[in-house]
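The values are calculated or read from the model by the stated rules, or taken from the named source; none is laboratory data. Nothing here was measured: the structure is a model prediction, and the numbers come from that model. Glycine also receives a Cβ, built like all others from the backbone with ideal geometry; neighbour counts cover every protein chain displayed. Note: accessible area is taken over every heavy atom of the protein model, side chains too, but ligands, DNA and RNA are not part of it. Shrake-Rupley method; radii C 1.70, N 1.55, O 1.52, S 1.80 Å.
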Amino acid sequence: MSAVLDTHGHAGHGDHGHPPSGIMRWITTTNHKDIGTLYLWFSFAMFLVGGAMAMVIRLELFSPGLQWVNPDFFNQMTTMHGLIMVFGAIMPAFVGFANWQIPMMIGAPDMAFARMNNWSFWILPFAAALLVISFFTPGGAPGVGWTLYAPLTVQMGIGMDLTIFAVHLLGMSSIMGSINIITTILNLRAPGMTLMRMPLFCWTWLITAYLLVAAMPVLAGAVTMTLTDRHFGTTFFNAAGGGDPVLYQHIFWFFGHPEVYIIALPAFGVISQVIPAFSRKPLFGYASMVYATSAIAILSFIVWAHHMYTVGMPVQGQLFFMYATTLIAVPTGVKVFNWVATMWKGSLSFETPMLFAVGFLFLFTLGGFTGLVLSLAAVDIQLHDTYYVVAHFHYVMAIGAVFAGYAGVYFWLPKWTGRMYNETLGKWHFWLSAIFVNITFFVQHFAGLAGMPRRIPDYPLMFETWNKISSLGAFGFGLAQLLFLYIIVSAIRSGEKAPERPWEGADSLEWTHLPTPVPHHSFHTPPVLK
Amino acid sequence: MATGSARRTAAWALGVLGTAFSGLALALEWNLQPAVTRIAADVHSLHEYVMLLVTVIFVGVFGFMFYSVFAHRKDKRHAAAQWHENTTVELLWTIIPLIILVIIAWPATKVVIAQKDATHPDLTIKVTGYQWKWGYDYLRGEGEGISFTSVLSTPRDQIEGRAPKGPNYLLEVDQEMVVPVGKKVRMLTTAADVIHAWWIPAFGTKQDAIPGFIRDTHFRAEKTGVYRGQCTELCGKEHGFMPIVVRVVTADEYSKWVGERKQAMAAAADDPAKAWTLDELKARGEKVYAANCVACHQASGKGTPPAFPPLDGSKLVTSAKSAPMDIVMNGKDKTAMAAFAKQLSDVELAAVLTFTRNNWGNKTGDFVLPAEVKAARK
């Protein structure tokens, strides 16, 4: 890539007067890098909170019988673990990456709507607070599962209402963030940075942002209908008044399936930056990656009822959703093949980011395969709402996305902070995570096949061994994430100074056109690409 | 070098775990339960067929990747190629998966169609999900008119660790659903409160039970025996404690069961003219309480507030009879308190009301008569 170097980049500071210091710097900031940092720390804090809940779940499931928590609290744990991980940990983490990376990758000085960006973030702590406060209301947090299915939601206490408002806030935050990302990408690209020259990370986020704008209002509608069913006498989901509980599921999953790709696509984007960098070879099939991502996004809107094969749809419905779902395997397959082809005949090295990227590839592909198994309506009826499904979605979106997130943090940390993390500890973090996560979730396939339903606090004796293994794996994985915290904090505080080009294979604008660490303000004048 | 030691430790751990898992997998329940119906058998073969395919693809894709990881390394001084496109290859790996999908779709479609065909049943049974038990009504075919509820029979002591757990822990009920072998049974599912799901893994039959709607599914069991499953849709606090047990018997045994059942139902019907004493009614009420109320309000009557309020010392329970009667019979809106008027008989309702008004610290000394319940039904 030939381009004229922009040397104003690190003139940085000062131009905008003195930013407030201390806490006010973070509350009033409109700088995309600061806001990215806020998003990332917030999401990691939420990851630890949601993770602690997972530990409670696995502790109770370590042995059959009720030992540690009562069934009601157990249901609250599974519900909040899901909501906090999806909306508090994974989604904000990738918005954090978007904030840091998109302006730098396309040669823009900042996000298009800098003040709205500040607001998008600062809504989140309030939403998280509502979720946490719900535990201390009469009746506790809702124990209905993160899918919030009607009509069980009508039986819950005030915690349910707090959760509904939290979902509203999270939705607003996501929509504002998405509008910002779309506008930034479409309007603020440097001259010469055509859409098809953008790093793939920007493409996956552009498509994700459209998914968010389309899907989040649908979820807001579903939970608002729940709210009015609870308090204002409507009967959207109550047959006694002409409603239908299954209507809730249709609306929820019309949001819920795109949501899966809202989580997965930015992860694809990170992986598509990391794998070429450590293969020292350009991404294979860039154009087909863009088309595959778009195809996945479009298909994601016509497969929602594959989450509902057991509600009793007509046979035509079962078949349509089965065929549409299996089709997703095609563009997803293209992506996996392209990543492997990128590695093929490269000059590979396995620093921590690359390890996590390959780990992602492994986990995601395994989850994709079980997804193919589950797409077949007849087989899904057997496996629906069992631990097989729990294993499947943790592989494909939960842990897959977490690994992609780690790959991204280790990859860009030197650029962001100017300091290197400890490579040895990073590798330990990877291997411990990879081994423990597979111990946790792989055995859940077996428990599910043998017939263990999900969301139960106690189980028949035949599932005991699998649950013991899974719990031990979960405890190990949980502890390994504290190592990550240590690695990052010690890198930021006292890490070795990063070289100007920490990874010689990385070639997007932030690596080639900006110094390390990147200045607070970059690309005052856009770089010119030829 | 520390990095090398990390890698060695990891390899060692993986090896040990791999061996341990393969041993365990042989010793444990790790696959679909043995099929007892044609549909379940079809689901098994479909599952195996797809797993085989997936394994081949897995080995192929990761074979390439791991070869690359092994051979195309910087530390082996492998120079990176710079190609990044190949239209032929890209078209091939789009079209070949499409063809594979069509090949899978054919057998999958056949099973889906068979699964949805609940026509021409020999026996029709309606199953109703309650928080947290199942109600069975034999609607058509031999045994028509039989009706009972089925509640978890595992003692609380086993669940809370005060007694050793039995072999069918959490998979045993007081009254099993009984069906004849080789007959097509159509199950109509519905629910009284929230969504439940009726599932017998060995039958490959799972159907959500949706309040206010009737859905159907079917099975034809080909082997006699006892088959066990659990509710599979989160339905509140006791979701994990409402198992399903189906006993498949020969045609003769089934006819015998139907005869006994009908006799028992006639015998169990309470004599409306019977004059009850307080102790009789309390004793009967204790049984009703144990089967219907104890999960939330607890044996101690203390409940688990605030979601499930205490009955012991409750002003409502000991106030004028009409107030507790109303709640027990008509339920409490927007809570898990069900309307028991539809589930229990006059005698059972009168008994359980009398019991709660005269047990623990509650001492009203009066009783609720079946006739009063009958009058309140209108």
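Quickly run through region A:388-398 and pick out the residues that are modelled with pLDDT of 95 or more and either touching a strand residue (DSSP E or B) at 6+ places or on another chain (Cβ under 8 Å) or of a type in the set (Val, Ile, Thr) (or both).
Within region A:388-398, the first condition is being modelled with pLDDT of 95 or more, and the residues that meet it are A:388-395.
Residues satisfying the conditions are A:VAL389, A:VAL390.
What number of residues within region A:400-412 are among the aliphatic types (A, V, I, L, M) and open to solvent by less than 10 Å² (accessible area, probe 1.4 Å)? Break it down stepwise before answering.
Of all residues in region A:400-412, those among the aliphatic types (A, V, I, L, M) come to A:401-402, A:404, A:407, A:409.
Now narrow it down to the ones that are open to solvent by less than 10 Å² (accessible area, probe 1.4 Å): A:401, A:404, A:407.
Final tally of qualifying residues: 3.
Check whether at least one residue in region B:279-293 is at pLDDT below 85 and in contact with a Pro (Cβ under 8 Å, 6 or more places away or on another chain), and report yes or no. No: region B:279-293 contains no residue that is at pLDDT below 85 and in contact with a Pro (Cβ under 8 Å, 6 or more places away or on another chain). Taken across region B:155-167, residues that are more than 11 Å from every other protein chain (Cβ to nearest Cβ) and surrounded by fewer than 23 Cβ atoms within 10 Å (Cβ to Cβ) do occur, with at least one present. For region A:64-85, the tally of residues that are in contact with a Ser or Thr (Cβ under 9 Å, 6 or more places away or on another chain) and within 11 Å of chain B (Cβ to nearest Cβ) stands at 4. Could you please find all residues in region B:277-297 being within 21 Å of B:VAL368 (Cβ to Cβ), of a type in the set (A, V, I, L, M, F, W, C) and surrounded by 19 or more Cβ atoms within 10 Å (Cβ to Cβ)? B:LEU281, B:VAL288, B:CYS293, B:CYS296, listed by residue number.
Name, by its number, the condition in (1) at the interface with chain A (Cβ under 10 Å from one of its Cβ atoms); (2) closer than 21 Å to A:PRO71 by Cα; (3) surrounded by fewer than 21 Cβ atoms within 10 Å (Cβ to Cβ) that does not hold for B:ASP193. Against the list (1) at the interface with chain A (Cβ under 10 Å from one of its Cβ atoms); (2) closer than 21 Å to A:PRO71 by Cα; (3) surrounded by fewer than 21 Cβ atoms within 10 Å (Cβ to Cβ), B:ASP193 comes up short only on (3). The single condition among (1) buried (at least 21 other Cβ atoms within 10 Å of the Cβ); (2) closer than 15 Å to B:LEU188 by Cβ; (3) of a type in the set (Lys, Arg) that B:ARG140 does not meet is (1).
Among what's in region A:237-261 and is assigned to a loop (DSSP other than H, G, I, E, B) and touching a residue at least 40 places away in the same chain (Cβ under 8 Å), pick the residue that is surrounded by the most Cβ atoms within 10 Å (Cβ to Cβ). Out of the qualifying residues, it is A:PHE237.
Restricting attention to region B:298-320 and to residues that are outside any loop (DSSP other than H, G, I, E, B) and open to solvent by 30 Å² or more (accessible area, probe 1.4 Å), the residue that is modelled with the lowest pLDDT turns out to be B:THR304. Residues of region A:488-530 that are surrounded by fewer than 18 Cβ atoms within 10 Å (Cβ to Cβ), of a type in the set (S, T, N, Q) and not in a helix (DSSP H, G or I): A:THR525 alone. If you check B:VAL36, B:VAL43 for being modelled with pLDDT of 65 or more, part of a helix (DSSP H, G or I) and β-branched (Val, Ile, Thr), only one passes: B:VAL43.
Would you mind stating whether A:PHE442 is under 22 Å from A:TYR406 (Cβ atoms), within 12 Å of another protein chain (Cβ to nearest Cβ) and surrounded by fewer than 22 Cβ atoms within 10 Å (Cβ to Cβ)?
yes
Checking region A:129-148 against the condition returns no match, with no residue being under 25 Å from A:THR184 (Cα atoms), away from chain B (no Cβ under 14 Å) and surrounded by 24 or more Cβ atoms within 10 Å (Cβ to Cβ).
B:LYS256 meets all of the listed conditions (1) within 25 Å of B:ASN358 (Cβ to Cβ); (2) modelled with pLDDT of 85 or more; (3) assigned to a helix (DSSP H, G or I) but one, namely (1). If I filter region B:231-247 down to residues being among the hydrophobic types (A, V, I, L, M, F, W, C) and touching a helix residue (DSSP H, G or I) at 6+ places or on another chain (Cβ under 9 Å), which single residue comes out as nearest to B:ARG220 (Cα to Cα)? The extreme case among them is B:VAL246.
Could you count how many residues in region B:174-212 are within 12 Å of the chain's Cα centre (by Cα) and either closer than 29 Å to A:ALA240 by Cβ or of a type in the set (Asp, Glu) (or both)?
Step one: list which residues in region B:174-212 are within 12 Å of the chain's Cα centre (by Cα), which gives B:195-201, B:205-209.
Now narrow it down to the ones that are either closer than 29 Å to A:ALA240 by Cβ or of a type in the set (Asp, Glu) (or both): B:195-199, B:205-209.
Selection size over region B:174-212: 10.
Among the helices (runs of 4 or more DSSP H) confined to region A:53-160, the ones with at least 1 residues that are of a type in the set (Phe, Trp, Tyr) and closer than 30 Å to A:GLU464 by Cβ are located at A:71-83.
Here is a yes/no grid of residues against (1) part of a helix (DSSP H, G or I); (2) more than 9 Å from chain A (Cβ to nearest Cβ); (3) modelled with pLDDT under 95; (4) buried (at least 20 other Cβ atoms within 10 Å of the Cβ):
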| site | (1), (2), (3), (4) |
| --- | --- |
| B:PHE70 | yes, yes, yes, no |
| B:ALA81 | no, no, yes, no |
| B:HIS84 | no, no, yes, no |
| B:ILE103 | yes, yes, yes, no |
| B:GLN115 | yes, no, yes, yes |
| B:ALA118 | no, yes, yes, no |
| B:ILE125 | no, yes, no, yes |
| B:GLY129 | no, yes, no, yes |
| B:TRP134 | no, yes, no, yes |
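Within region B:235-247, the set of residues being touching a His at 6+ places or on another chain (Cβ under 9 Å) and within 7 Å of chain A (Cβ to nearest Cβ) comprises B:CYS235, B:HIS239.
Based on this model, can you work out whether A:LEU425 counts as more than 19 Å from A:ILE90 (Cα to Cα), open to solvent by 10 Å² or more (accessible area, probe 1.4 Å), in contact (Cβ under 8 Å) with a residue 40 or more places away in the chain and in contact with a helix residue (DSSP H, G or I) (Cβ under 9 Å, 6 or more places away or on another chain)? Walk me through it before giving the result.
Working: more than 19 Å from A:ILE90 (Cα to Cα): yes; open to solvent by 10 Å² or more (accessible area, probe 1.4 Å): yes; in contact (Cβ under 8 Å) with a residue 40 or more places away in the chain: yes; in contact with a helix residue (DSSP H, G or I) (Cβ under 9 Å, 6 or more places away or on another chain): yes.
For A:LEU425, the condition - more than 19 Å from A:ILE90 (Cα to Cα), open to solvent by 10 Å² or more (accessible area, probe 1.4 Å), in contact (Cβ under 8 Å) with a residue 40 or more places away in the chain and in contact with a helix residue (DSSP H, G or I) (Cβ under 9 Å, 6 or more places away or on another chain) - is met.
With respect to the conditions (1) crowded, with 24+ Cβ neighbours inside 10 Å; (2) at negative phi, B:GLY204 falls short on a single one, namely (2). Among the residues of region A:292-301, at least one is farther than 19 Å from A:PHE364 by Cβ, open to solvent by 10 Å² or more (accessible area, probe 1.4 Å) and modelled with pLDDT of 95 or more.
With the requirement that a residue be among the hydroxyl-bearing types (Ser, Thr, Tyr), open to solvent by 10 Å² or more (accessible area, probe 1.4 Å) and farther than 17 Å from B:PHE64 by Cβ, what does region A:339-387 give you? Residues satisfying the conditions are A:SER349, A:THR370, A:TYR387. Of the residues making up region A:467-487, those that are open to solvent by 20 Å² or more (accessible area, probe 1.4 Å), within 21 Å of A:LYS427 (Cβ to Cβ) and among the aliphatic types (A, V, I, L, M) are A:LEU479, A:LEU482, A:LEU483, A:LEU485.
Restricting to region B:43-62, give me the number of residues that are more than 7 Å from every other protein chain (Cβ to nearest Cβ) and open to solvent by less than 40 Å² (accessible area, probe 1.4 Å). So the count comes out to 3.
Of the candidates A:LEU200, A:LEU227, A:LEU188, A:LEU169, the single residue that is within 14 Å of chain B (Cβ to nearest Cβ), at negative phi, in contact (Cβ under 8 Å) with a residue 40 or more places away in the chain and open to solvent by 10 Å² or more (accessible area, probe 1.4 Å) is A:LEU227.
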